[in-house]
Amino acid sequence: MPTPPSKPRKSNLQAVAKMAGVSHSTVSLILNGRGKELRIADETCQRVMKVAKELNYEANYFARSLKGKSTHTIAILWFFSGPHSEDNVIRLITKQAWENGYIAHFFDSLSDTEIILQLLKELSRRSVDGIILRITARRFLESPELKKALSMFRASVIVAQDIESNHIDTVHHYCRQAMDDVVAALIKDGRRRLAMIGGAYTKFDFAREAWIRLKRKEKDAKLLYVDWYRVPDRRKAVTDALASVAWGKRGFDSLLCSADEMAFIACDYFRSHGLAIPQDVSIAGFNNSLSASFFNPPVASVARNDEAVASKALEFLLTRLEQRDHEPQQAHVEMDFIPRASFLPGTSEG
């Protein structure tokens, strides 16, 4: 029976140094990307990298972590449990992290403070270099427990959704302008009463504020509460909520949904009750899912722009990992309202 080919053996750093004709410390500095910073000759850097590749050298990141050095790993604590897809966020961060020499690990935080703190503790024990953490609760953002947990990492970046933070590198993610745009368009079209369906989310607070600011009565902006994540039958929960009020000329003439899926259910509900969309009821969803533009009629929605948020957060994290004394970094990314045919008569169906 033929002997299977043996796997190439991994070489150690001393072997690379001997074959390249340089010191152990020089190899370490070059392989850690500090050759240019320390003005090591380009020819030497190229020779070391060539030898390392020929000898199949791989850094032992676990051993390095015991010495307090970089492990070239980062972790992203995001909220992946919503109705919106985060595939592009995962793909973008994975690719860009890899291109910069880092491995990215993803965790669904569930927006649960205890889960986040436990994850941060465990990731610190595993010597993860940097953290990107998405937060939606101001109280948690300002808590001493979170600040202490983040201090255990070489670098950390907060993605703060609809809340302010200036004490750490932060990407601010807002839906306020999008909500203003939705409400302004409704009022310009002469809509008189606005219903909002979903949980008691910040986006609805912004919509209600805009409604009142633009001289509409507070009582004409109503929340139809549906806990999308907990109800056993989502379609029934949405239709029951819609059936609890009057629509069209006798009642509410516009509906803002906290997810596109709710808007799809609402469209079917109104059609089955003889109401025209958007002539009788104007409808807008949220998250700008792929299905929104293909629905009949195409559903207006709010694009989250999560990819732009993730890209900027990773940029901040990599900068902080390379330059610990870099000035505090702050960026703002707004969500965008995408009008479509479900929203106003004559709206483009793109």
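Things to note:
- Dipole in debye (nearest 20) - the chain, about Cα centre, beta carbon charges: Lys, Arg +1; Asp, Glu -1: 640 debye
- Greater than 20 Å apart at Cα, pairs in Lys95/Lys312; Lys188/Lys217; Lys188/Lys249; Lys36/Lys312: Lys36/Lys312
- Projecting the Cα atoms of Ala241, Trp78, Gly101 onto the dipole axis of the chain, where Lys and Arg carry +1 and Asp and Glu carry -1 at the beta carbon, places Gly101 farthest toward the positive end.
- Answer label, with Cα extents along the principal axes in Å calculated from the coordinates and candidates [x] 78, 56, 46; [y] 86, 57, 36; [z] 66, 55, 39: [y]
- Selected from Ala266, Ala195, Ala52 as most flexible by GNM, with the chain as the system and alpha-carbon contacts under 10 Å: Ala52
- With 0.36 nm allotted per residue and the present C-alpha distance subtracted, the Asp268-His105 stretch has 54.7 nm of extension available.
- Total formal charge among the other residues, if their Cβ is under 14 angstrom from that of Arg234, Lys/Arg +1 and Asp/Glu -1: -3
- Of Leu314, Leu214, Leu29, the one that fluctuates the most in a GNM where the chain has Cα springs shorter than 10 Å: Leu29
- Total formal charge among the other residues, if their Cβ is under 11 angstrom from that of Trp247, Lys/Arg +1 and Asp/Glu -1: +1
- Rg/Rh for the range 249-323 stands at 1.27; both radii use Cα atoms, and Rh follows the Kirkwood definition.
- Top of Gly274, Gly101, Gly248 by mean-square fluctuation, Gaussian network on the chain, Cα under 10 Å: Gly274
- Based on the Kirkwood approach, the hydrodynamic radius assigned to the range 176-303 is 14.4 Å, with every pair of different Cα atoms included.
- Local net charge near Ile265, Cβ-Cβ under 14 Å (Lys/Arg +1, Asp/Glu -1): -1
- Separation between Cα centres of the range 16-55 and the range 162-230, rounded to whole Å: 56 Å
- Dipole magnitude (debye, nearest 20) for the range 13-59, charges at Cβ of Lys, Arg, Asp, Glu: 60 debye
- Fraction of beta bridges assigned by DSSP in the chain that are antiparallel (%, nearest 5): 5 percent
- Dipole axis of the chain (+1 Lys, Arg; -1 Asp, Glu on Cβ), positive-most option in Ser111, Leu275, Asn12: Asn12
- Distance between the range 278-350 and the range 74-132 - C-alpha centres, whole angstrom: 21 Å
Values in this text are rule-based calculations from the coordinates and carry no lab data. Fair warning: this is a prediction, and the values are worked out from it, not measured in the lab. Here the Cβ is made from the backbone with ideal geometry for all residues, glycine too, and neighbour counts use every protein chain on show.
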